[in-house]
Structures are given as C-alpha cells and as structure tokens.
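Presented below is the structure to which this report refers.
Any read-out appearing in this document is the output of simple, stated calculations on the displayed coordinates, not a laboratory observation. In this text the structure is predicted, and so the values were computed from the model without any measurement. Neighbour counts run over all protein chains shown; Cβ positions are idealised from the backbone, glycine included.
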Amino acid sequence: MEIFQNEFIVVLVLFLMLLGAYLIGRSASSIKEPPKKTSSKKFDQSDILDTEELTDYIQPGQIRARQTRDRTGELIDPRLSTDDTTNFQDFPLGKGNAQNADDLKKITGIGPAIENKLNSIGIFQFEQLASMTNDQEKEITELIAFFPGRIKRDNWKQQAQELLK
C-alpha cells in the first residue's frame, strides 16, 4: 500500500473528507422545516377547572376490580371454573351432549378459544344457542368472560337457527 506511505497525503485525504462532511451537515441544517401547525385557540385561564368543579365529574368508587380468586388461588365463583366437573344444573343451556358436538366456530364471532369456553359451560350444539333467551345471553357472556353485548351484535342465535336448517 504505497498510498499510505506518504503521511501528508493521508492527512490531506482525511481533512478533505471531514471538510466535506462538515459542509454537507452545514448546508442540510440551513434547510428550514415547515412550521408545525399550532392551535388557533388561545389558552385562557378560565379554561382551567377548579378542583371543586372537578369533583362534580369525578365520582369515586364507580370502577372496581372484581375478585375472582381468593388468597389460596381457589375460584370464588364456581361458575368461572373451566374444568368439566362444574355443576350446570342452574344453567339450562349447559346440558349439551359432547359426543354430538357441532362445530360452533361456523358461527361468526366464535373462534377456537370461545368455542372451548362454551364447551366448558356445557354448550356443544347449535340447538342450544338457537334456543337461548336474552337473560341466558347475558349469563353466557358472564360465564365465558366475553365482551358485553357481543353475542347479540354477532347474532349468534339467528346464525345457529340458520345452521340448524
């Protein structure tokens, strides 16, 4: 490498490279960005609510966490259990036949996880979903910890009735 033998040339090349980088950075910094849009509304001290006014909007205790397990890890509400030994005598839809189970995933809004939850509460057939009442819809929503109103919005009952035909 003969080029590196002359120390002056190496220093000159490095100087020119650094000078070029400096000039590029300097010219790029002079480019102005368009100004950011600001709100045309001016801030006024009257927009700030007093703490007394805030208490009208804030009501403590409206949102509470629901305890599902006690300190030992046992379920507080046995209806939340996912094991097959759960007693469904209080839940009329939960008396399905697992041997003749329908593919509940054919209903829009039911995926594999929801199907497993429905099976865990004893719902296996379209007939069970087709015959459910509004109260039972709400109870199913609670039992499988599903989004409130989703069963009605996705119209599981009508879909199940159509699949029975």
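In what sequence do Leu118, Leu14, Leu164 fall when counting other Cβ within 10 Å, fewest first?
Details: Leu118 25, Leu14 10, Leu164 13.
In order of increasing Cβ crowding within 10 Å: Leu14, Leu164, Leu118.
Within 10 Å of each residue's Cβ, count the other Cβ atoms and sort Leu143, Leu129, Leu23 from fewest upward.
Numbers: Leu143 24, Leu129 28, Leu23 10.
Result, fewest neighbours first: Leu23, Leu143, Leu129.
Under the rule of at least 5 residues apart or a separate chain, name every residue whose amide H is placed under 5 Å from the amide H of Phe124.
Close amide H contacts, sequence-distant or interchain: Gly96, Asn97.
Relative contact order of region 123-165, please, whole-number percent, based on alpha carbon pairs below 8 angstrom and at least 6 residues apart. Could the numbers behind the result be given before it?
Numbers: 27 pairs, mean separation 23.8, N = 43.
Relative contact order for region 123-165 comes out at 55 percent.
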